[in-house]
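Taking it in order: structure first as structure tokens, then the write-up.
Taken together, the values in this text are just the output of simple stated rules run on the coordinates, not laboratory data. None of these values were measured; they are calculated from a predicted model. Cβ coordinates were reconstructed from backbone atoms using ideal geometry, including for glycine residues, and neighbour counts include every protein chain displayed.
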Amino acid sequence: MRNFLDLLDLTADEIILLLDQAERLKKAHVAGEKTPILLGRVLGLIFEKPSLRTRVSFEAAMAQLGGASVFLAGAEAGLGTRETVPDFARVMSQYVDVVVLRTYHHATVETFARHASVPVINGLSDYYHPCQALGDLLTMREIFGDFEGRTMVFVGDGNNVARSLAVICAKLGIRFILAAPKEFGFDKPYLQIYQRLKPQFPLVQTTDPHEAIKAADIIYTDVWISMGQEAERDQRLKAFTPFQVSDALLASAPSHAQVMHCLPARRGEEITEGVLDGPRSVVIQQAGNRMHAQKALLAWLLGCNS
């Protein structure tokens, strides 16, 4: 049994297999073909944080594959309060075939997975967001055809999304650059984890976003203030204002470079409205691909590849 907690234990071949399967399932969906490969299977979703894309994309994916979903708000269900996380995991495993967790703490995901007897998917934690990264790489491959010689530049906080993107880029031989204020770069424990991957390219961090994007194929950004960081708002706004993805910043990028954002966006903060809605933005394609990538992931974890 495999879990999908952080991308670290997936090989490059396994990631490519997932992307290939996602492409096949997307083509079938666009053509109106039914793919009920998970008929009779049940997905459990346990969310401590609110969600649009993660919840709807997983529920839609499961429905389109012929399965069903059960949603529980973590706090209401008593995850870690009314019932311990191990008890919750063991009981949920009696009812569903696979579980998606969206939690405040990555340790909750790891504890749940240790005690579950069904595959567990990290739908977002404070440290990683692997489902987002998988969908993003599907989008990147659709745009460019392959990954050889490509560079992704993340302009913003070295957060959970950035960590997962750096890992998947390391696995696939894509250059990854983080452009962030010095105090908001990757933490030391993560850098040690990254080095153990023996990546083809070193992880580059810089405080100069204009220099960083000069060779970018993908320019990626995310909110500067994530859920739970509201008390740091003034500090973060001051630090990140020079890192806004705007037309002025994009003037330093190659003409073919595309802009990604995992959404939701705070228009006028990390990205301007003109860029988010502009011709270089692929954010809606990116959001849609979450569903197709997660279809492939669910099928793979449940041993039901088409």
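What GluC sites (Glu not before Pro) in the range 126-204 are in a loop by DSSP, with at most 16 other Cβ atoms within 10 Å of the Cβ? Intermediate results must be reported in sequence, preceding the final value.
Details: sites: Glu142, Glu148, Glu183; in loops: Glu148.
Loop-located and lightly packed - Glu148.
Any chance you could run the full-extension gain for Ser117 through Val42? It's 0.36 nm times the residue separation minus the Cα-Cα distance, nm to one decimal.
On the way: separation 75, 0.36 × 75 = 27.00 nm, distance 1.40 nm.
The span from Ser117 to Val42 would gain 25.6 nm if fully extended.
Mind giving me the FRET efficiency for Met227 and Val70? R0 is 22 Å, r the Cβ-Cβ distance, nearest 0.05 is fine. All intermediate terms of the calculation are to be shown ahead of the outcome.
Details: r = 23 Å, r/R0 = 1.07.
It comes to 0.40.
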Select from Gly67, Gly268, Gly145 the residue whose mean-square fluctuation is largest in a Gaussian network model of the chain (Cα-Cα springs shorter than 10 Å). Gly145
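Note down the magnitude of the dipole of the range 194-306 about its Cα centre, charges +1 on Lys and Arg C-beta and -1 on Asp and Glu C-beta and zero elsewhere, to the nearest 20 debye.
In debye, rounded to 20, the range 194-306 gives about 460.
What whole-number value in cubic angstrom gives the convex hull volume per residue for the C-alpha atoms of the range 132-283? Can you show the working numbers first?
Numbers: hull volume 15.5 nm³, N = 152.
Dividing the Cα hull volume of the range 132-283 by its residues yields 102 Å³.
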With a cap of 10 neighbouring Cβ atoms within 10 Å, and only residues DSSP puts in a loop, list the GluC sites (Glu not before Pro) found in the range 32-81. Glu33
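Among rounded, prolate and oblate, which fits the range 190-256 when a ≥ b ≥ c are the square roots of the eigenvalues of its C-alpha gyration tensor, a/c under 1.5 means rounded, and a/b larger than b/c means prolate? Could you put the intermediate results ahead of the total?
Working: a/c = 2.42, a/b = 1.09, b/c = 2.21.
It comes out oblate by the Cα gyration axes.
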Label point at Ser252 placed 7 Å out along Cα→Cβ; residues across the range 169-213 whose backbone nitrogen lies under 19 Å: 175-186, 203-213
Given springs between every Cα pair under 10 Å in a Gaussian network model of the chain, which of Ala77, Ala133, Ala31 has the largest fluctuation? Ala31
Calculated from backbone phi, Karplus (6.51, -1.76, 1.60) coupling profile of the range 20-32 in Hz, x at Gly/Pro: 4, 5, 4, 4, 5, 5, 5, 4, 5, 5, 5, 7, x
Figure the gain on full extension for Arg24 and Thr11 (residue separation times 0.36 nm, minus the Cα-Cα span) and round it to one decimal in nm. 2.7 nm
Choice from Ala162, Ala22, Ala248 showing the highest fluctuation, given a GNM over the chain with Cα pairs closer than 10 Å: Ala248
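Just for the chain, what percent of DSSP beta bridges are antiparallel, to the closest 5?
On the way: 0 of 35 bridges.
For the chain, the DSSP antiparallel bridge percentage is about 0.
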